[in-house]
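Participant: Next up is a structure, given as structure tokens.
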4 protein chains.
Amino acid sequence: MANVATATARAGQQPGEPWISGIIPPVCTPFTPELEVDVPSLERLIGFLLDEGVSGVFMLGSSGETAYLTDGQRDVVVEVAVKTVAGQVPVLAGLIDMTTSRMIEHAGRALGLGADALVATAPFYALVTEPPEVDRHFRALKAACGAPLLAYDIPVAVHTKLSVSEVATLATDGVLDGLKDSSGDMAAMREVILATRSLPEFAIFTGSEVIVDCAMQVGANGSVPGLGNVDPRGFVELYQSCRAGEWDRARTHQERLMTLFGITRCAEPGKGRSASGLGGFKTALMLRGIIATNAMALPQAALGDAETAAVRQVLVETGLLS
Amino acid sequence: MANVATATARAGQQPGEPWISGIIPPVCTPFTPELEVDVPSLERLIGFLLDEGVSGVFMLGSSGETAYLTDGQRDVVVEVAVKTVAGQVPVLAGLIDMTTSRMIEHAGRALGLGADALVATAPFYALVTEPPEVDRHFRALKAACGAPLLAYDIPVAVHTKLSVSEVATLATDGVLDGLKDSSGDMAAMREVILATRSLPEFAIFTGSEVIVDCAMQVGANGSVPGLGNVDPRGFVELYQSCRAGEWDRARTHQERLMTLFGITRCAEPGKGRSASGLGGFKTALMLRGIIATNAMALPQAALGDAETAAVRQVLVETGLLS
Amino acid sequence: MANVATATARAGQQPGEPWISGIIPPVCTPFTPELEVDVPSLERLIGFLLDEGVSGVFMLGSSGETAYLTDGQRDVVVEVAVKTVAGQVPVLAGLIDMTTSRMIEHAGRALGLGADALVATAPFYALVTEPPEVDRHFRALKAACGAPLLAYDIPVAVHTKLSVSEVATLATDGVLDGLKDSSGDMAAMREVILATRSLPEFAIFTGSEVIVDCAMQVGANGSVPGLGNVDPRGFVELYQSCRAGEWDRARTHQERLMTLFGITRCAEPGKGRSASGLGGFKTALMLRGIIATNAMALPQAALGDAETAAVRQVLVETGLLS
Amino acid sequence: MANVATATARAGQQPGEPWISGIIPPVCTPFTPELEVDVPSLERLIGFLLDEGVSGVFMLGSSGETAYLTDGQRDVVVEVAVKTVAGQVPVLAGLIDMTTSRMIEHAGRALGLGADALVATAPFYALVTEPPEVDRHFRALKAACGAPLLAYDIPVAVHTKLSVSEVATLATDGVLDGLKDSSGDMAAMREVILATRSLPEFAIFTGSEVIVDCAMQVGANGSVPGLGNVDPRGFVELYQSCRAGEWDRARTHQERLMTLFGITRCAEPGKGRSASGLGGFKTALMLRGIIATNAMALPQAALGDAETAAVRQVLVETGLLS
């Protein structure tokens, strides 16, 4: 599968381009009121993303509430994605779990179901150090899985920041094929970009929705924006403006998307960052008619009526609802 | 099963005593050289702990490298424990995973295999808040599982500290039946003890090996000491001294165990806290002839020859080897 | 002066005793409504502490709002203390500031005004490492000041935890004469106690008000309790019970003081830990008639009427007000 | 003085421009071998910066080792700056200290010596919260000082991140005249830029040397780059490229400066971030012949011979030495 995936990824590739680039939303996982995966909603969501021009879909990322999904639910998500995408773009699958052996199991399941590439964090909960333990972790993952592998740097969840030298070494050694940087540390991401410039295949994506133009300006290959679930076309246009070097136009797109990002701040006190942020995405998708409910996995609560009204207001302001 | 377990736990119970007390080691998971669970070694280890007088065994805790075990390996560990213990003491099972629904699955498997009680952390990786999200988490766990449930407060791994008021509320409401406190925050643990004094059934254990006498002095019901794998009799004698109010004798036991705790500091630079600490336990158990290898789960490395010699030296100093 | 001070400290000293021990409150700094040091109130407070039997006074600690005092205000505090104490017990002076050279200046002023010993944290704000930079810091301080020097380990404020090995090395080398441990990490403090057992002069104090009996049980020489401003006699009795090995009586004292510690939790939301905790102390001292106002340094706000009523209620419950 | 300063700042100001913009290096403080301020070296350094076209000088920032300077040394630094600058550009003075009243004292001294504007962090060491305590802090500073006031957001040192809403509120209320953002959080800085867009006078500077072009692209008014001590002309050219909208040229400048930033990574293990980073700046200035020594304040150590050779190598690579 990985071969097919890589081939797919490289179809639109130009010389000196990485194996994958563009806008690759970390797809939300819609739920039924009973908190099972809502398959028709997920199909609609993926179809919507494809129609709007995304370059890939990242299933089982943080925005997919993956930390809250059982293994069975994870399988459903990957199955639906592979079937709905039907080879049009690569399907990336996150391996969110604590350590190497557990991630290897997730990798086997995802690849077996047809995923094209894998995205893995450093270990967490476990008290490991970098290097050599984080280094050994990624090497063991790559050796076990074979497929294209992106490191997922998300210190807010994992409580480890991948170092520039570690990522560069693993890229040089062919262990990592890319980086999804959700650290918010633009300076460090830029240093990775410089340190891997001689590796044009290595793909670097920012996970920070509000600085995609900056990331592109310094050499990133695209973005994995959670907000891209809600307005994929806005992000695709932003990406295209950056690729064309139209930085003023890019900034205008980006600033509109910053306003839209206000949907992640509509929750009332007592909701955590996950319930507030992902809850904002899901509520917006519900209001746009793409998914059926804004239900959130336990122990989160869904946004209520007043919070939903606040989300609606932001959608109206940004032209996504009338 | 929970009923049997609770019955077992309460067999030796005196009026005003909690449902469980004493020394309950978080049992290490021995590995074969191929990094599968070494069943004969695990059986020997559990038998050794029982012979030395422990009050229960806590399988699938942090010391069991649970974060590194696949679900299949976890099942093996619980099966072996239930069979080997054969009802002599309660078998507690940890639910180490990111969120509520995943922990509920682990709970179902562990209870189905015969575990008597469950031990659960707050969610991690997921960005939840306390209260109300952590509160809702424990209530959902209890509702789904029914069995005796201990909160596992281990901020170094989970990056959340359970608050005194949260634990006290959940204890009062019958959601939590106990607390394993591995926060190292004796002041907060003591406040929990005072806040739950009217609930004599509520059981409080310290996970800090070197302050067990302090914890007992302020009212804890026992300890879940990782180092108890290596010298369970030392901890049982320490516990009994505390119960008898022989604090000077308790201190002598405790200080000897502090010296023994030096086995967790024998690793060379580059090993994380887990590889160094748990590696010290496993190496000592190997040197004592109880388990076959000191192999560690990926991406950790086992202690090498020089490190093993340093562990041996500590065992000699503390009278565990000659 | 240091000679006199040391002599004073050693007056009541028994063989094998450290140079100082017992209850040494970190004295609050009362303010006038205009936020200047209220000298008559400070004199009354120190007199009250002496009357109740404290073994020393620690001026310019965190409880003295020292971080908020100008250098001129700090001088007033030390002057008043030296004059009021008049050699009855040692006067310790904190050197709270960012780095070595600034602390050396504070040390010179405090010793010039008659302080007997100094208490210094690791550098903060500055991005230093340990060792060798923290090590070099304490050595430079000692070389410049000559006077007895205690390390002040307070990671919540300084964001560095002094390591066991660092403290033990500096104690062995005669750089440090003692430790005020406000880290809350009883296990680490106990390791320091064991590591310095061959240095009977080295004095170890806990700054955690609610675990003084534990600290004494494991070998500490006393406490520097902020709450000791409010009920010094309670802490002296607790200390004496511990020295007599009457641990049950000690626990009774300690638990009553835990209830009294509730005065630090009377503040309404929006007040920081300093305004809430130190504000509780000052309000209690005002209600007991010892200081004139509960004014707090900028940018803190004093406790208001409802908060003051809550503090009063705790004082009544614990027998300090009727 | 503040009036003159503001007038100076506004001399080159265009309509809709903030009161200050461009490259404003946080000036290093050269030392004699005896660790006193090396006045001739400081004069040469400031003269060099002016010759290369900086828009202002920021004395007593983190790069000036201000946390390590006594008050007397701080006075010397400001005096030398005011005299050397002689009104050509504004002189900004940092107020680095723990709390409001101490910062007000520093402000009075700096303004009395002729500084034009002030730069202040949130309180540190003190356990305050935001809002309302951090809010009250800045309001009290502004009320006491009157001069133009920039907030200095540097969580790595202060351990508080100023929130977007807090900065925006203080800007709207005329308390803050600008922001020096050394948080590295480009997303948050950009939100501040959007939130203050209706306040064209409000000036926003990034303190992150390697993302100045990004910061300018999203609307910042300039940079306060520590590395600007070493190559001020490089930063001025970078700034001018950004102002001209020549983003490709800007990126070329920026990437060369990233290579130069390697001088902050030449230190051997054991040196903290301050000794390594600021030590790299000072060593480069020494090698360029601008300051006499690379001495560092206690408890830091200066870079040694091998480290100095590594710095020299970077200077050669980037064309600053031949």
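Where a number appears in this text, it was derived from the coordinates with a stated rule and is not lab data. What you are looking at is a predicted structure, and each value in this text was computed from that prediction instead of being measured. Here Cβ is always computed from backbone atoms with ideal geometry, including for glycine, and neighbour counts include all displayed protein chains.
Participant: Evaluate the stretch B:228-322: find the radius of gyration of its Cα atoms, find its Kirkwood radius, and give the ratio Rg to Rh.
Facilitator: Values: Rg = 14.2 Å, Rh = 13.8 Å.
Across the stretch B:228-322, the Cα-based Rg/Rh ratio is 1.03.
Participant: For the stretch D:79-96, what does the Karplus curve 6.51 cos²θ - 1.76 cosθ + 1.60, with θ = phi - 60°, yield as ³J(HN,Hα) per residue in whole Hz, taken in order and with x for Gly and Pro?
Facilitator: Ordered by residue, 3J(HN,Hα) equals 4, 4, 5, 4, 5, 6, 5, 6, x, 5, 9, x, 9, 9, 10, x, 10, 4 Hz.
Participant: Using modelled backbone amide H atoms (1.01 Å from N, in-plane), which distant-in-sequence or interchain residues come within less than 5 Å of D:PHE31's amide H?
Facilitator: D:ASP38, D:THR293, D:ALA295
Participant: Follow-up question, since we're still on this one. Could you tell me what percent of the DSSP beta bridges with both partners in chain A are antiparallel, to the nearest 5?
Facilitator: Details: 1 of 23 bridges.
Percent antiparallel among DSSP bridges in chain A is about 5.
Participant: Report the closest approach of any chain D C-beta to the axis of the D-to-B rotation: residue and distance, in whole angstrom.
Facilitator: D:PRO269, 5
Participant: Just the number, please: percent antiparallel of the DSSP beta bridges in the protein assembly as shown, rounded to the nearest 5.
Facilitator: On the way: 6 of 94 bridges.
In the protein assembly as shown, approximately 5 percent of DSSP beta bridges are antiparallel ones.
Participant: Moving on to the next point. Just need the relative contact order of the stretch A:185-322 here, percent rounded to a whole number, with Cα pairs under 8 Å and 6+ apart. Walk me through the numbers on the way to the answer.
Facilitator: Numbers: 173 pairs, mean separation 24.3, N = 138.
Across the stretch A:185-322, relative contact order equals 18 percent.
Participant: Select from the stretch B:218-322 those GluC sites (Glu not before Pro) which occupy a DSSP coil region and have at most 16 other Cβ atoms within 10 Å, ordered by residue number.
Facilitator: Details: sites: B:GLU237, B:GLU246, B:GLU255, B:GLU307, B:GLU317; in loops: B:GLU246.
For GluC sites (Glu not before Pro) across the stretch B:218-322 that sit outside H, G, I, E and B with at most 16 neighbouring Cβ atoms in 10 Å, the list reads B:GLU246.
Participant: Can you run phi through the Karplus equation (6.51, -1.76, 1.60; θ = phi - 60°) for the stretch A:206-220 and list ³J(HN,Hα) in whole Hz, with x for Gly and Pro?
Facilitator: 8, x, 9, 4, 9, 9, 5, 5, 4, 4, 5, 4, 8, x, 5
Participant: For chain B, what is the calculated [θ] at 222 nm in deg cm²/dmol (nearest 500), taking -39500 (n - 2.57) for each run of four or more DSSP H residues and dividing by its residue count?
Facilitator: Details: 13 runs with 147 residues, N = 322.
Per the formula, -14000 deg cm²/dmol.
Participant: Could you pull the Rg and Dmax for the stretch D:105-210, using just the Cα atoms, both in Å?
Facilitator: In Å, with Rg to one decimal and Dmax whole: 13.2, 37.
Participant: Something else: Run the label-point distances for C:VAL316 please: 7 Å along Cα to Cβ, every other copy, nanometres, shortest first.
Facilitator: 5.3, 6.7, 8.1
Participant: Return the Rg/Rh value of chain D, two decimal places, where both radii are evaluated on C-alpha atoms and Rh is the Kirkwood radius. Walk me through the numbers before you get to the answer.
Facilitator: Details: Rg = 18.3 Å, Rh = 19.5 Å.
With Rh from the inverse mean 1/r over Cα pairs, Rg/Rh is 0.94.
Participant: Can I ask one more? Label C:GLU17 and C:GLU34 with points 7 Å out from Cα along Cα→Cβ: what is the distance between them in nm?
Facilitator: 4.4
Participant: Something else: Can you list the copy-to-copy distances for D:ALA86, using a point 7 angstrom from Cα toward Cβ, in nanometres, shortest first?
Facilitator: Those separations, rounded to one decimal, come out as 6.2, 7.8, 9.7 nm.
Participant: A further question on this structure: Taking C-beta distances below 4.7 angstrom as the pairing criterion, name the unpartnered cysteines of chain A, in sequence order.
Facilitator: A:CYS28, A:CYS145, A:CYS242, A:CYS266
Participant: Then there's this: Could you tell me the extents of the stretch A:160-201's C-alpha atoms along the three principal axes, largest first, rounded to whole Å?
Facilitator: Computed over the stretch A:160-201, the largest-to-smallest principal extents equal 24, 18, 15 Å.
Participant: Using a 10 Å cut-off around each Cβ of peptide C:72-84, what is the average number of partner chain Cβ atoms that fall inside?
Facilitator: Values: counts 1, 2, 0, 0, 0, 0, 0, 0, 0, 0, 0, 0, 0.
Per residue, the number of nearby Cβ atoms from other chains is 0 on average.
Participant: List, shortest first and in nm to one decimal, how far the label point of B:ASP51 (7 Å from Cα along Cα→Cβ) is from its counterparts in the other copies.
Facilitator: Shortest to longest, the spacings are 6.6, 7.1, 8.3 nm.
Participant: Pop out the ³J(HN,Hα) list for the stretch A:53-68 in order, Karplus 6.51 cos²θ - 1.76 cosθ + 1.60 with θ = phi - 60°, rounded to Hz; leave Gly and Pro as x.
Facilitator: x, 5, 8, x, 10, 9, 8, 6, x, 4, 5, x, 6, 4, 4, 9
Participant: May I pose another question? Sum up the charges of everything whose Cβ sits under 13 Å from the Cβ of C:LEU199, counting Lys and Arg as +1 and Asp and Glu as -1, but leave C:LEU199 out. Intermediate values should be presented prior to the final figure.
Facilitator: On the way: positive: C:ARG197; negative: C:GLU17, C:ASP173, C:ASP177, C:GLU201.
Spelling it out: positives minus negatives among the neighbours equals -3.
Participant: Out of residues 5 or more away from A:LEU118 or on other chains, whose amide H comes under 5 Å of its own, with H placed 1.01 Å from N in the peptide plane?
Facilitator: A:ALA93, A:LEU149, A:LEU150
Participant: On to the next question. Restrict the search to the stretch B:108-197; then list the chymotrypsin sites (Phe, Trp or Tyr not before Pro) that DSSP places in a loop and that have at most 14 other Cβ atoms within 10 Å of their Cβ. Working shown, then result.
Facilitator: Numbers: sites: B:PHE124, B:TYR125, B:PHE138, B:TYR152; in loops: B:PHE124, B:TYR125.
Loop-located and lightly packed - none at all.
Participant: If you average 1/r over all unlike Cα pairs in the protein assembly as shown and invert the result, what Kirkwood radius do you get in angstrom?
Facilitator: Details: mean 1/r = 0.0307 Å⁻¹.
When all Cα pairs of the protein assembly as shown are included, the Kirkwood radius is 32.6 Å.
Participant: Follow-up. When each pair of different Cα atoms in the stretch C:164-322 is counted once in the 1/r mean, what is the Kirkwood radius in angstroms, to one decimal? The partial results should precede the final answer.
Facilitator: Numbers: mean 1/r = 0.0594 Å⁻¹.
Hydrodynamic radius (Kirkwood, Cα only) of the stretch C:164-322 equals 16.8 Å.
Participant: Sorted from largest down, what three extents in whole angstroms do the Cα atoms of the stretch A:53-105 have along their principal axes?
Facilitator: Principal-axis extents of the stretch A:53-105 (Cα, largest first): 33, 19, 18 Å.
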